[in-house]
Each structure stands twice: as structure tokens, then as C-alpha cells.
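Each value in this text was obtained by applying a stated rule to the coordinates, not by laboratory testing. Predicted model, so just to flag it, every value in this text is computed and none were measured. Cβ coordinates were reconstructed from backbone atoms using ideal geometry, including for glycine residues, and neighbour counts include every protein chain displayed.
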Amino acid sequence: MRIGLDPEEQSFRADVRAFLEGYRNLNGFFHQDERWPEVKGFYRALGERGWLSLTWPERWGGLGLGPVHEFILWDEAAYARAARPPLSAGIVAKTILRHGTDAQKQRWLPGIRSGELHFSLGYSEPQAGSDLAAVRTRAERSDDDYRVTGEKCWTSYAQDSDYLWLLCRTGAPDSRSAGLSLMILDLRADGVTVSPLPTLDDAQLNEIHLDGTRVPAEQRIGAENEAWKIVAEALADERHVQFPPRRLRRDLEDVIEWTRAAGLDRDATVRRGLADLAVEVLEVETHAMRVLAAVQQGRAGAVEAAANKVAGTVLCQKIARAAVEWGGPAAIVRGEPLEFLWRQSLWETIGGGTSEIMRGVVARQGLGLGGRR
Amino acid sequence: MRIGLDPEEQSFRADVRAFLEGYRNLNGFFHQDERWPEVKGFYRALGERGWLSLTWPERWGGLGLGPVHEFILWDEAAYARAARPPLSAGIVAKTILRHGTDAQKQRWLPGIRSGELHFSLGYSEPQAGSDLAAVRTRAERSDDDYRVTGEKCWTSYAQDSDYLWLLCRTGAPDSRSAGLSLMILDLRADGVTVSPLPTLDDAQLNEIHLDGTRVPAEQRIGAENEAWKIVAEALADERHVQFPPRRLRRDLEDVIEWTRAAGLDRDATVRRGLADLAVEVLEVETHAMRVLAAVQQGRAGAVEAAANKVAGTVLCQKIARAAVEWGGPAAIVRGEPLEFLWRQSLWETIGGGTSEIMRGVVARQGLGLGGRR
Amino acid sequence: MSFDLELDDAQQAIGTAVAQFCRDHPSVDDGASGDFDRARWRELAELGVLALGTPEGEGGALEVVAAMEALGAAVFAGPLAATFCATQLLPESERQALVTGDALVSVGKPPLLPFAPIADLFIELEAPHAWRARPAGEIEPVETLAGDPWGRVQLEREAELPEAGRALALSEIARAAYLAGAGQRLLDDAAEHARTRIQFGRAIGEFQAVAHPLADCAMQLSAAAVLARIAAAGFDTSESDPGPHAAAARLSAVRAALGAVYVCHQIFGAVGVTLEGPVFRVARRVRQFASEPPDEHGAREAVLELFGV
Amino acid sequence: MSFDLELDDAQQAIGTAVAQFCRDHPSVDDGASGDFDRARWRELAELGVLALGTPEGEGGALEVVAAMEALGAAVFAGPLAATFCATQLLPESERQALVTGDALVSVGKPPLLPFAPIADLFIELEAPHAWRARPAGEIEPVETLAGDPWGRVQLEREAELPEAGRALALSEIARAAYLAGAGQRLLDDAAEHARTRIQFGRAIGEFQAVAHPLADCAMQLSAAAVLARIAAAGFDTSESDPGPHAAAARLSAVRAALGAVYVCHQIFGAVGVTLEGPVFRVARRVRQFASEPPDEHGAREAVLELFGV
């Protein structure tokens, strides 16, 4: 059994915590949109330290460290509410490292590593939410380009990003998972319209209309029509940082602080509730450890990651909901931390794979139950 | 809106309550098996008053009253823990009244009305639990008889009953719901073996082996292969007495009494829990009213009955489980009412249609959702 | 006569009229405005809604239920339950301005008072007591989850108001009906979404993980709606203290409506994450209505009375 | 070195040996006997299980966890957690008879004491304190949900026993591991049933209403098992007070195991209603183990310490 950090990892954690002191009020974990210049500054500062490329091979400017270091960084960043891991340095960079050509690596990795280049995830469409194989956005090849037409939606940060990490259809319309390709689309190119969708957490998602937008063929990552497997692998790359458990510890600490200020922390019902939530925080930490163990040991870890996602996000809602119940009218005043958590947590069980999809993964892959979703 | 009993119904309820005074310690609601002679005596006493045939037409010895009277009787009997409605006077008699020949009515109804004749429900089989269309027990016609061979299981009260209300296959083996017939099988006939299955509530179910058992053709109720619709109708006949809500009121009162004796009734957590359970008891009472309204108005009432079954039985488990948690070690001593309710309630969400099947009914028929179960 | 849990024709007509009014006067409320549409409030009053249950107005608590179910379905903003409380507590002379919508009332317990910055009348509540009151000092405006203008201020109590228990009961019945209506609207919308949204080649309502939680919502909401009606019927016949059944209705409706909020957000998925989408406008108002004073502790104690605890 | 939440090979060997022992010595316990199989208890002791965590025995808390997970999976009867508590509290001279299985200990709070009618030693518990004690008067025998012989009796306290907090922590860790093992066994059995039981033409595990609750059970049980191991590792390194993590492990395991009981009963349906069927023998012992002293209130307060409440 090994459940704690080793001395080198502890020392790295201390460095991370010291570094995060300067970003403790950034709150980019929840408010990246409105704080984008500062969040981008935070990413640049990480880039300077090499912390956006902790696990990349040294040949491409990485530090060649393992997933535990990435976990520590983003777990502490979540606790500090500083920011979430950028798509660029995670899914995008790791996929390029695995499937990109050397030319592509040279073209994209330096800007990502330094925290300059940022990407949005272009997977979801109005008719393809949980069911990604239903993607319709069409890329037609002509000479050295693709022309892309279609509609993406619920896209985070597109208003601030440089590129879209685009999943699109290059095969026949009914080719499902066998006709999809991955491309890098310039969000400033002609034919791109980004429209904001204000969201319940004071942020925004975006709809993206693509009308014959040009994507150079050299910006396709991996072979044509082969994106399905690549996308699945990329998900696995980020499992250990997808839902950091210390976000929950911070949530619960904030609630405890609030109940103390409101004089509720001696109330028997509140104490019982806090204790039960505290146990669940510890439980979610074990799920995160299981994910880490799987990733380190080179196992798929899909079941562990699904459990971590469901347990963590359901608990995040439980914490906020219980607190708002205890807090009475005072808890629903805008700007109160509980009120915000209540709203924000509403969508944690949806984004990044719904709880229903995740339970299906655990049931099928973990327990061998049924083929249906 | 009409939500209360009218004066005549109130007067009937008063009569019922007075009558039940003599049976308050009978406890046949939970322990019919071991108290069978007394429970049978209770049924005979009901028969003497005409209360086993409250809703039957007067021509067949009934009182020609409506479902509210039946509801009052069995709701109060549940509160008194006296006994549950006998299968004979419910499903059996009502089906014979609707589908039986005059000869069959003359043959069976008097003994049922008087509380003399008792039946067990012969639907379930090892491979046909929730999925009744999978029934395999085979009845082969030869001249004026059927010869029945097969296995029934989880059969209540078969050790004390006179007859089995048998669902069996007369059509082709793969005929599913289109090849089933209903028959009355004498449990004392040759080829019948009844074996007890002791259950977690100190009672027993039974397995019944049928090995070429003779059933006279005149004991088939309704046409050959036409049982499916009859069985569904019969279910509807009993919706208003299937899960009487005052059973829950009594459960909660018993728990309150227990918490008071244990000095727990001033505990803040316990009080909060009791209040929430009390609200749910009132909620279940509204479901029972909805079922009554549907039955009185001649509507199918399947959705209302499913809601009543799920809400009532889930609550019955919640009450017992919460109480055992509050009670600590003292609550798990055999013979304590909480310990018994904890065990007994484990199967309320299974028998008489599982919660999963019932939620499916509400989703499909109430909300128009999906065709799957 | 058969059991019948539905409102009668006249009561249903009130609900229909209110629903039509709400369609004709869509809310400008965007959940982050801090505004309150007083003109619309007066127009609602012109329908007679705020006079329901008073000697000068129509009917009693069942009529209030009819109106509030429709207002809940439209997530109409305003001190609705508070107004029904106040019209029971105040004499006709003071009631007048409330039922016409000319005056707004704030009912609550300091320091945080609903609609305080724009309220004309204040009633301090400490169930089962109520006092006429007036602000002592500056009102610090705050905005709520659902975008309403509330305020922080201390109150000076004036005369205690008689029969507060009965007035509170009506306001709890009103709140329960509103929440049941709001929850039912969410359920209807989510069920429609589940019938029509296709993923993995079929309507998502065919998946038990979608269908069964909606079925549970339907059961809870139907029970909550009936409990509100039962409490209202008891209020109108005055056979016994209406408080405990009103409390039960409120607790049931809060649980059912919040349950619907959470289930329906899950079923709408990303569609429901948007500020103006089909769920959140209802969700935030349900949560806010459920949090308004008086708190649930008193309601729970009242329900326990019914069981002799 | 990678993160690794599994027990090491030597610890797993203990679990394997205990599991084999349980298979070779099936329980006669039928849930309604009031009997206790002392011979089997002594044989378990001969394996060295009851000496685990003592200076004379093998290993520490992780070894206790290994044994208790296996005992839980076999729903082995007896004062298991209590014995681990007592062997920590008592000096070697008194411990001897416990680790050989010759003496039985009753640990609890009067008047209801586990195994009191057949116990040779009594320890009164009022967490975080413990006293050697002796019965004051006649022991009234009672039978428990799981068929064990308990008794009602008052105790006379003798000397207070030192370091009760640490002893209690080990017993809570042991309890948590037992419950996690019992719950996992239920889950394994129910998942197998769901994979093979056909209704409506398909394995019932294909229905989300069956599959998803089992998935939730799997997640909770895995977390509970890991929390027990983490608490045990902390106990063995003595880095800090093992109480709070032991308390968390117990609370987590109770919730996970009871959750598994309820879900698995539902999934086994009528098959699980029988006394000797695949669920109830486990279910009743889980419920009983979860109800044994000390109560959960103290555990919750201990967990709150971790968060500074």
C-alpha cells in the first residue's frame, strides 16, 4: 500500500502552495471568463516554471515527471480556486505528442508550454451531447484544406481562446464513430461566428457557427476518420486532473466557515450533516487516489475515473444544497458563497460526462452489467 | 374536491373500529401463518357481517357498496395490524363475478363470502417473477380435465389455503401472454407438493410442485388462453386495498412510542427525522385518496396505484430504517418492534410488483416516457 | 359522491385566468436584475388575486391555491405568500393598499427582509407571533438568487397582530401551492424534453435512468399539490387549527419542488445550464421561495403536533 | 513508487487464510438461534487472528483489516471488533485468554451488552473512556437480529483502562473492514445475479434501474474499504491520533454496507426474501454490526475534529 506523497512530491506540493499564494484571490476556477487576462497570466507564470508541461517528454520541453505532480498542481489550484487545467496543455498537447507529426509538435507545443496558446473543446453539438458519435459538423477536403461547416455548442471559453479542438465528420453522414476526424481550427478565421450563451454561474458558454471555415490539412491531428480512438485516449490522459478532490475540501471548509459565522456550527442537525459530508469528502479523496494509482500503473482507469467524477460532483452538490438549507434566507443572497456554490454545482454532474453515463461505465466495465447505456 | 368521508362512511368506519377492538392483538397482518386459526376466525367474523362481500352485487350475497367501504375496512385492519384482505374475497371472487359462469359463481362464492374458503396466488415461478408472461407451468387438456405440471414459488399461505388461483400455460411454450389460462387447483389433490421457504419476517413462502395434478375443466375461469387480460383486470380490482396507508401511520406511531420510551423524542435529529417521516405519511395518504378517486370514477388507476405502492412501501422502509439507526443496539434486539419492522419492510418494495416495475408504470402511462421497462 | 382531489370549476377558472395573465405579461426578471416590476404587480392585483381570501375578495384558501399553482408554474416574482399573510393580519383600512397592489409588504425576521428596499409595510414574524413593525435605520439593499430586491435592516416592533397562526397558515398554503405549481411546470417541460430528445438513437425518456427519477418527481409533486389543497380545505372550513396541515404542505412542496429542480436540471443537461434556459429560471425561484421565512424548523414542530410528539 | 491502495502480499495471505477457514468452517448461525459456536471461535483464534495487533501476535491494524474483510465477507459471528479493542486495552496476562479464544469479552455500555450471557470479561465503554467492569446482578439474555446471545445487565466499574482512544480506534477500523467485506460480498453476489437472471428476455443487469444502483454501491464500498486501510496505516505508523480516521472509516463503511444491503435486497427480489437466501444472512449481520457500540454520534464528532469544527 502507498497512500501518501513521497518526500520529493511533498516538496513539490510545498512549492506549488507557495506559488499559489500569489493567486489565492484569482478565483479563476469559477470565473475564468471575467478574469481571463489574469487567468492567462497565471498560465504564463506556470509556463515559466515548466508546470504546464510537467509530464511531457524532455525532448519537447517537458519535465518528464509523472501524473502525481500534475495531480498535486491542479488539486492545489482547485483548493486555492485559482484556475482549472487548461485544455491546451492537457488533452491538446498530449494528443499532439502521441499522434502529431514532428512538424505539428514544433508548430504547437512551444506556445502551449509557455501558456500563450489556448484552445476550446469543440466536441458537443445540439444533437450530440452525451452521444458524441452523432457529431454532424462536416469537414470537406479540397486540396490542402478542409472546409468546415456546422454548429458546435456549449463551448467553454471560446470567446477567449485562440483555437478550437474540433471533432468533425469526414466520413459518410451515418458513419457514426468511424467517420470522425480531429482538427485545430483557428477561431479568428473567416466563417467563424461565436455567440455567447450566458450560464447560471455568471459565466458563459458559446455557440459556434462554422460556415465553410478553412482548416489547413496539416492541422488535422491523426489520420482521417480515426479520431474516435484518439478522443477516448485523450480523455484517459486527463483522468487524474479532471475532478480534483480538494475542490470539495475547500467547499466544505467554506461552508463550515459560513456556519460558524452564522452561529449554526453548534446546531445538532448541522453538525450531523457536516460530519456526514466530511466523511464523503474523505471518500472522494480515495477515488482520486484510485485514479492516480490506475494512471501510474498504466491501467485504463475508466472505472476509477467515472467513480471519481460521480462521487465528487454529486458530493459537490450535496454540500452546497445542505448548506443553503441550513442557511435559510441569508444563504440565498447574491454574492454569498453558498448561493454561488448552489448555482455553480448544478452543472458539475453534467459537464465532462453526465452522472448517468458515468454510472453506466462503472456498471459495464466495473461490474460486467449489460450492454445498454 | 372531496377529500373526507361522508357521514355514512364515517359511521361505517366507527363500526369497523368497534369490531376491530376484538382483534387488536391478533397481529395477523404480519403473522398470518402462525396465527392462521385466529386469522381464519377473523375472516369468518367478517363474513358473518357481510364484510367480505361489501362490493359484490346483492344477487350474489354482496352488500352492493362501493370501494370506499372496502378501503375503510382494510385500512383500519392494517392500522390494527389485524389482517390483510384475503385473496379469496378479492381477486378470486371479483374475477369469478366478472368472468365466471353462473355455475362457478354458485360453486365458489358462498364459501368465499363466509370466510370458509381460502386461496393462494399461483402466479410466480422461478423464471417468472416480474415477468409473468414467462410462466411455464403447463396444463394439458384431456377430456373434461386438465393435467397440470410445473413449479410455482414464493407462494404465500399455501400451507393453509384450500385452493391455488393458478396461472398456467395452455398455449404453445413461446406464446408468452397469449397462451395463459386461469384455473382453480385443489391444493389437496394428488400430485401437489407444498414445501416451505422460511422468510426473513418469521413467516414462510412456499414452493409448489405440480406433477400431473388434475383440474376439472369447469374450474377454468374465463376462456382458454385468455387469462392475461383477466389477470390485469383483477389487479385493478384490488388497487384501493393493496397498500393501505394507515399501516404507515401505525408504523410511525409505534416508532414515536419507542423513541418516547427510549427518551429519544427530545433529540433534535430524531425530531427532525420524525417530522419528515410524518409529512411522508400524509403524502402517502394522498396517494391512497387518488387511487380511491380513480377506482370510484371508473378510471384505470394504474398510475395512481403504482405511485401509492412505491411511495408507501419506500416510506415503510424509511421509517423502520431511520428508527433502527436512532435506536442503537437496543433496536436490534429480537422482539423489539423496530427490529421486526426493519426485517419485514425489506420485502414490501418487492412483493406485489417491485418498485422498479411500478416506476416504469408511472413513467410510461403517466408521463409517456419510453417503451422499455 | 366520489373522492375528488381536483379543484372545482370556479377555482380552476381562477387558475386559468392567472395563467393567461402570466402569458400575457411575461416576466422581465432575468435573475440578476434586482428590479421589481411594480406595474405588473398592480395588474395582477387588478385581477383580484391579492384580495383572495379576504372579506372583500373572492373565496378562501382553495382559491388562493388555484392562483398560486398558476403563479408558480409561471415563476411569477413578488411577495406573494407574504401578501396573503398580511391581508389576513391587517384590518381592512390597511389591507386595501395591499390588495390593489399599491403597497408592498415585507414579512420576515430581521435583519434580512424580503423586498425591504421597496416595501411600504413591514411585519415582523416570529412564528406563531407577528408584529407590525418599522425599519430602524438605513436599509442595505441586497439582491437574491432569483434577482429580487431584498434588504438588511433592523425593525422596531409596534403592535402585535392577532391571529397570526391562521395568517401564517394561509401564507404557507400559498407557498406550497406555488412550489407545487413550479415543480409541476418543470416536470412537464422535462418530460417533454425526455420524450423528444434523441441520444444513442432513441428518446432519452426510454432510459430508466431518465424515466424513473421523473416518475419519482411526478409522485412527489402530486402528493404535495394534494396536501396544499387539503390544508386549504381545512383552512376554509375552520374545523381545526390549519397550522399543522399547512406546515406539512409546505414541507412536502419544498421537497417535491427541489427534487424536481435537481432531477430536471440533470435531464436537461447542458441545455439547462444556460441562464435563460428551460430550467434555471424556475430552479432559482423554487430555491428562493423555499428559503423564505418562516423557516422549516417551526413547520416541522407543527407537523409533529399532528402525531402527538 | 506508484500509489497503491491494495493490501500487500503478506496481508492478503492473511485474508486468504481466513477466507479459507470460513469456507472450511461454515457457520451454523441461522439468524434465530441465540447460540454461539465457541469451538469455531477457538479455531479462529488458533489461526492467530485474535492476536493480530498485539505484541505477541502478528502485524498491526492493516493485518486486522485483512482478516476482518474476509470475516465480513463470510459474515462470521462473534465479538470481533470488541476483541480487538480489548486486546489493546488489557495487559498480556489478561489478553492471553482472549487471543486463544478461551475467554470472550463483552464491550459496551449498560444495560444492553453484546454476548453478555457467555462473556468472561466485561469492559464498559463511554468513549473515549473504558473501564474494566463486572456484572452487577442477573444477566437477562436476549437474542439479536442476527441471532447472537446478548444480555441486559448493569455493570460495576472497576479500574479505568489507559489508552482507550487508541484501542477504540482499532476496533472501529476492524468494524469498518468487516462491513466493507460484507458489503462487497453482497455486491459480488448481486452483480452475478444481475448478470444471469433473465426477465423480459434479457439479463436484469441490462436495466439501468438495476445496474446504476449497483454501480453506486461499488463506488461507495470501494471508498469505505480504502478509508479503513488508510486509518489502519495511520494507526500502524502512530503519526497522529488514529481516532478521527477510524471514525470516518466506520461511518463510511456503515453507509456503504447498509446501502449495499438495501440495493441488493431489491435486486435479488423474492429470491432474497427467504431466511436462508443469498442476502438476508448478510443483511442482518451488517445491520447488527453497524448498531454495535460505540454509537455513531461520537464518530461524527471525531470526524468533525479533522475539519476543525
| What fraction of the DSSP beta bridges in the protein assembly as shown is antiparallel, stated in percent and rounded to the nearest 5? | 85 percent
| task | Let me have the relative contact order for segment A:243-366, percent, based on Cα pairs under 8 Å that are six or more residues apart. | result | 29 percent
| remark: Toy charge model, Lys and Arg Cβ at +1, Asp and Glu Cβ at -1: the protein assembly as shown dipole around Cα centroid in debye, rounded to 20, equals 2580 debye
| query | So if R0 is 35 Å, what FRET efficiency would C:ARG202 and C:HIS25 give, r being the distance between their Cβ atoms, rounded to the nearest 0.05? | reply | 0.35
| note | So, with points 7 Å from each Cα along the Cβ direction, the A:ARG107-B:ARG107 label distance in nm works out to 8.7 nm
| note | Most fluctuating of D:ALA180, D:ALA159, D:ALA248 in the GNM of chain D (C-alpha, under 10 Å) is D:ALA159
| query | How crowded by other chains is A:264-277, given as the mean number of beta carbons from other chains within 10 Å of each beta carbon? | reply | 5
| note | Computed over segment A:243-366, the distribution of all Cα-Cα distances in 5 Å bins, rounded to whole %, is 2, 12, 20, 20, 17, 12, 8, 5, 3, 1
| query | Can you tell which of B:TYR146, B:LEU164, B:LEU282 lies farthest toward the positive end of the dipole of chain B, using +1 and -1 charges on the Cβ of basic and acidic side chains (Lys, Arg; Asp, Glu)? | reply | B:LEU282
| Rounded to the nearest 20 debye, dipole of segment D:9-162 from Cβ charges on Lys, Arg, Asp, Glu | 160 debye
| note | Most exposed first, judged by fewest Cβ atoms within 10 angstrom, A:THR199, C:THR100 run C:THR100, A:THR199
| message | With 10 angstrom as the radius, rank D:PHE289, B:PHE119, A:PHE30, D:PHE84 by how many other C-beta atoms surround their C-beta, starting from the fewest. | response | A:PHE30, D:PHE289, B:PHE119, D:PHE84
| Whole-Hz ³J(HN,Hα) from phi, Karplus 6.51 cos²θ - 1.76 cosθ + 1.60, for segment B:34-49, glycine and proline x | 6, 9, 3, x, 6, 5, 5, x, 4, 4, 4, 5, 4, x, 4, 7
| note | Contact order relative to length for chain B, counting C-alpha pairs under 8 Å separated by 6 or more residues, stands in percent at 13 percent
| query | Looking only at D:PRO91, D:PRO278, D:PRO117, which one moves most when chain D is put into a Gaussian network model with springs between Cα atoms under 10 Å? | reply | D:PRO91
| remark: Taking a ≥ b ≥ c as the square roots of the Cα gyration tensor eigenvalues, with a/c under 1.5 meaning rounded and otherwise prolate when a/b beats b/c or oblate if not, segment B:120-225 comes out oblate
| note | Per the helix-only model, the protein assembly as shown has a calculated mean residue ellipticity at 222 nm (DSSP H runs of ≥4, -39500 (n - 2.57) each, divided over all residues, rounded to the nearest 500) of -16000 deg cm²/dmol
| remark: When the charge dipole of segment A:243-366 is computed with +1 at the Cβ of Lys and Arg and -1 at the Cβ of Asp and Glu, the Cα pointing farthest to the positive end, of A:GLY360, A:SER345, A:LEU252, is that of A:GLY360
| request: May I have the convex hull volume per residue, in Å³, for the Cα set of the protein assembly as shown? | output: 185 Å³
| field | Segment A:ASP162-A:ALA14, length gained on full extension (0.36 nm per residue, minus Cα span) | value | 50.0 nm
| said: Please list, by residue number, everything in segment B:155-191 whose backbone N is under 20 Å from a paramagnetic label point 7 Å out along Cα→Cβ of B:GLU116. | reply: B:160-165, B:184-189
| message | At 7 angstrom along the Cα-to-beta-carbon line, where would the label on A:ALA14 sit relative to the other copies? Give the distances in nm, shortest first. | response | 8.4
| request: Just add up the charged neighbours of B:GLY212: K/R +1, D/E -1, any other residue whose Cβ is under 12 Å from the Cβ of B:GLY212. | output: -1
| query | Taking the Cα centre of segment C:1-109 as the origin and placing charges on Cβ (Lys, Arg +1; Asp, Glu -1), which of C:VAL75, C:ALA86, C:GLY59 is farthest toward the positive end of the dipole? | reply | C:ALA86
| remark: Classified through the alpha carbon gyration tensor (a ≥ b ≥ c as square roots of its eigenvalues; rounded if a/c is under 1.5, else prolate when a/b is larger than b/c, else oblate), chain C comes out prolate
| said: Defining the label point at 7 Å along Cα→Cβ, can you sort the distances from B:GLU48 to the same site in each other copy, shortest first, in nm? | reply: 9.8
| task | Can you bin segment C:9-162 into rounded, prolate or oblate? Criterion: square roots of the alpha carbon gyration tensor eigenvalues sorted a ≥ b ≥ c, rounded for a/c under 1.5, prolate for a/b above b/c, oblate for the rest. | result | oblate
| request: Identify which of B:PRO126, B:PRO67, B:PRO85 has the largest mean-square fluctuation in a Gaussian network model of chain B, with springs joining Cα atoms closer than 10 Å. | output: B:PRO126
| remark: From fewest to most C-beta neighbours within 10 Å, the residues B:VAL39, B:VAL192 line up as B:VAL192, B:VAL39
| message | Between 0 and 90 degrees, rounded to the nearest ten: what's the tilt of helix D:243-268 against the longest Cα principal axis of chain D? | response | 40 degrees
| remark: Whole-Å distance linking the alpha carbon centroid of segment C:236-300 with that of segment A:189-247 is 37 Å
| task | Determine ³J(HN,Hα), in whole Hz, for all residues of segment D:193-204 in sequence, where each value follows from phi through the Karplus function 6.51 cos²θ - 1.76 cosθ + 1.60 and θ = phi - 60°; x replaces Gly and Pro. | result | 4, 5, 6, 10, 6, 9, 9, 6, x, 8, 4, 5
| Taking only C-alpha pairs under 8 Å that are 6+ residues apart, what is the relative contact order of chain D in percent? | 18 percent
| message | Report, in listed order, any pair from A:LYS94/A:LYS309; A:LYS309/D:LYS109; B:LYS40/B:LYS105; A:LYS309/B:LYS318 with a Cα-Cα distance greater than 32 Å. | response | A:LYS309/D:LYS109
| Can you name the residue in chain A whose Cβ lies closest to the A-to-B rotation axis, and give that gap in whole Å? | A:ALA268, 2
| message | Is there a quick way to get the dipole size of chain D? I mean about its Cα centre, with the Cβ of Lys and Arg at +1 and of Asp and Glu at -1; what is the value in debye to the nearest 20? | response | 980 debye
| task | Summarise the partner chain shielding of D:301-308 as one whole number: the mean count of Cβ atoms from other chains within 10 Å of each residue's Cβ. | result | 5
